[in-house]
1. Helix A:48-66: angle to the longest alpha-carbon principal axis of chain A, degrees 0 to 90, nearest 10?
2. Return the whole-Å distance between the Cα centroid of segment A:367-382 and the Cα centroid of segment A:676-710.
3. Taking a 26 Å limit on the Cα-Cα distance, which of the listed pairs A:Lys663/A:Lys761; A:Lys153/A:Lys276; A:Lys184/A:Lys484 fall beyond it?
4. Please give the FRET efficiency for A:Glu410 paired with A:Asp372, using the beta carbon to beta carbon distance and R0 = 25 Å, rounded to the nearest 0.05.
5. Only Lys, Arg, Asp and Glu count, each charged at its Cβ (+1, +1, -1, -1), so figure out the dipole size of segment A:332-459 about its Cα centre, rounded to 20 debye.
6. Helix-derived [θ] at 222 nm for chain A: sum -39500 (n - 2.57) over DSSP H runs of at least 4, divide by residue count, nearest 500?
7. How tilted is helix A:599-608 with respect to the longest principal axis of chain A? Cα atoms for both, answer in degrees (0 to 90, nearest 10).
8. So what is the orientation-averaged projected area of segment A:444-529, using the convex hull of its C-alpha atoms, in nm²?
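The values are calculated or read from the model by the stated rules, or taken from the named source; none is laboratory data. What you see is a predicted model, and the numbers here were worked out from it, not measured in a lab. Note that we place each Cβ from the backbone using ideal geometry, even for glycine, and neighbour counts take in every protein chain shown. SASA here: full protein model, heavy atoms, side chains in, ligands and nucleic acids out. Shrake-Rupley method; radii C 1.70, N 1.55, O 1.52, S 1.80 Å.
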Amino acid sequence: MKYIPSDIEAKWQKYWDEQKSFEPESGHEKPKKYILSMFPYPSGRIHMGHVRNYAIGDALARYWRKRGVNVLHPIGWDSFGMPAENAAIKHKLHPKKWTYDNIAYMRKELSALGLSFSRSREFATSDPLYTRWEQKFLIELYEKGLLYRESTKVNWCESCHTVLANEQVEEGRCWRCDSEVIQKEMPGYYLDILSYADELLEDLKKLEGKWPQQVLTMQSNWIGRSQGLAFTFELSEASRAKLGGAFEGFEVFTTRPDTIFGVTYAALAPEHPIVKALIEKGALDEETAKRITAIANMSEVERAKQEKEGYPLGIEAIHPLTGQKVPVWTANFVLASYGSGAVMAVPAHDERDYEFATKYDLPIKRVIEGGDLPYTEPGVLVDSGEFSGMKSEEAKAAIIQKMEALGKGEGRVNYRLRNWGISRQRYWGAPIPFIHCPECGLVPEKEENLPVTLPEDVEITGEGNPLESHPTWKETVCPKCGAKAKRETDTMDTFVQSSWYQFRYATDPVKWERTGIDKEDARYWMPVDQYIGGIEHAILHLLYARFFTKALRDLGYHDIDEPFARLLTQGMVLKDGAKMSKSKGNVVDPDALVAKYGADTARLFILFAAPPTQELEWNDSAVEGAHRFLRKLYDRAVKTTPCEALPTIDHGALEKNEKEARKKVYEALKKGEEVYTERFTFNTLIAACMEALNALDKQKNEAVWQEGMWVLLNLLEPIVPHIAWELSDRLFGRENFGIIEPKEEVFVADTIGMGVSVNGKPRAQIEVAPGASKEEILKIAKAAVPKWLEGKTVIKEIVVPGKLVNLVVK
RNA sequence: GCGGACGUGGUGGAAUUGGUAGACACGCCAGACUUAGGAUCUGGUGCCGCAAGGUGUGGAGGUUCAAGUCCUCUCGUCCGCACCA
């Protein structure tokens, strides 16, 4: 009988479909596992990255299912987004049709891989029912003050014609299309992620050891919490007069209040209101004013590349503790977007201030003892009035306290994190359910009118927002007063949808229709026990999803703090050392691979070639190798006699090769436990199975073969399910798909191999009886290496039972 | 610049607590079977050497009876952050 993957795979896929084999049980009594691979964007076809992602998730889901655990392993579609509109422009297809056609096609592709997804919970984020609940959440967040609308400078992508969140700008470029991002003043909706900043940071500790350290570090840096002192620099009287009394002073923030006595100047961002006012009043010479305006128009990224540059503003601020006057400058390195856009400058203890002071010949005053300037380490204060002699930490607290007592400042925490701008000026997204009423202002849509859906008859040109230019869609009435009003035409960032989809899956589909997230279901299934996805989402999606989970908790929808208990970040799939991409022409098509070798080979290779967290280099001949193993497994199984139960074997009566084969089989079984539950290094498990099959091949005992197949097919089922179900069905009626306990007797060896080293160099191999004493082992060891002991004295003997003997000689 | 990860045969990778480095696989070499083979099977394969033996985990030191594993320095690759006061 020949191994024909296509026949076997079609047969079992049909069976699983008909039997609804992978639906979770609705009861909440059994132990559960929620295994989730990040859902795909329906771009048209699946790629190898998907295959890897879902092969890992499927292996875990199938493993737990065999252990009798209630498993939720869902799939869905992150189906709103720009590419659908780009396709509409290019191919004259409606975004909705394009999207749902893609979903249908990709669903087939995934089915062909034999993935054990729950079909009943599949959905797309563009489904109106999903939008309905999402809009409801948004309105509730608004009512709670966690969503607001404001006009401010935003990141605008000229190519995508839309606003981007801070997280979606990478080195000044759009995360999706890589074109340059400009700053533009625009109104938009913001989610107050900042009010969760502390919790988001604090809860990273709970994920320690369960998420990759790298991701935790990235999130922590992104949140960027810093603690310090905020205080107001009052302007001198003359300076106030110069500004026409419009400003009393300006606020600054510092994390080093201990260096406050070292302040020799203050610096404002070029777009600071005081700078603007001075320019408007003509208080600065024309040349300088021009230059400052030019800097203010540069992006932060551009500015970062420039040398430090600044100009004296001709005004003075009063030091809050010494009363001395310090000059106020504007400088290109002061960020308008952080803190209050102004800083106190301590050149002696800050590298940037030092560089600037040196360039413009500003005074430098040391207030911390220590090495060469600029000295940025903490230390003992000098020349700091009543605080001299204190250590930095102590002084920080004392100075904050003093400033608070004087009413001149306060201890404050600042974050690098900004609030999440969710407005997008695009068509193919979830509408933001608000209405602009000339009388009542911003009004949420009534709940019974949800979801606010997209109009179907739109023209998509890539220019402007199609909802804005639609003739009638935005015309509506105010839900409050009934007057004529306009609908909001912004749609939501698609990251909103992926921030809570884990709750959609966790809810029974029938309950979902009626009530949205079900608290009891969420309590049972959440959090996701194992989440699997690419490292590229380390900040964006994973931070948003953590935030949204907490926000929904506080709206009362569930009581989970963190959505993903464990996270595995898979490595990329490469070919010729580069990421697969159409433009490089190095794409390996999963469909073609499945057609040629079958899904099992594709899955086996992708899990065997590298541990899941590492990059995986594609190798066609290694795929052949994986296929060869499956053919061999099939061939040997066909030659094995079927049986109904695990055969009983008298281990003591076996030949050496037979014992060895059993040992390898049960070693593989033990490895399986570890790999499926803790380590996820499927490559080592597959290697162990290969070793076991090789060892079985070296003996002919029928019962040993039966037992070997019984165990190996069980172990391999999560990885190569079709062939495993087929063979197990024929040989054992699938009775072997349960928990198999390792048989300890096979690990009791007649003799144990040990290495003998002399002066640390391996010289010989010996075989000793299992219970041999140290003396006996040494005797055998010495007899094995006469050549190396001749004429020498043994001065030290080290015996590590079962491992090696090391003789130190002189 | 700062932070992190990694560096093992021709290749992908094993080595879980310091204890026989290179499991497993790819490739390659030789042979068997065959009309043929890019099928299958057998054997070999870190490097140098006919061998004995030597040598070997990016490099240099160190700790230890023993180091891929621990420590110090250094080189390289990749990733993240990048004036955040």
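1. Orientation of helix A:48-66: about 60 degrees from the principal axis.
2. That distance is 64 Å.
3. The pairs that break the limit, which is 26 Å between Cα atoms, are A:Lys663/A:Lys761; A:Lys184/A:Lys484.
4. 0.15
5. 280 debye
6. Calculated mean residue ellipticity at 222 nm is -11500 deg cm²/dmol.
7. Result, in degrees: 70.
8. Answer in nm², one decimal: 8.0.
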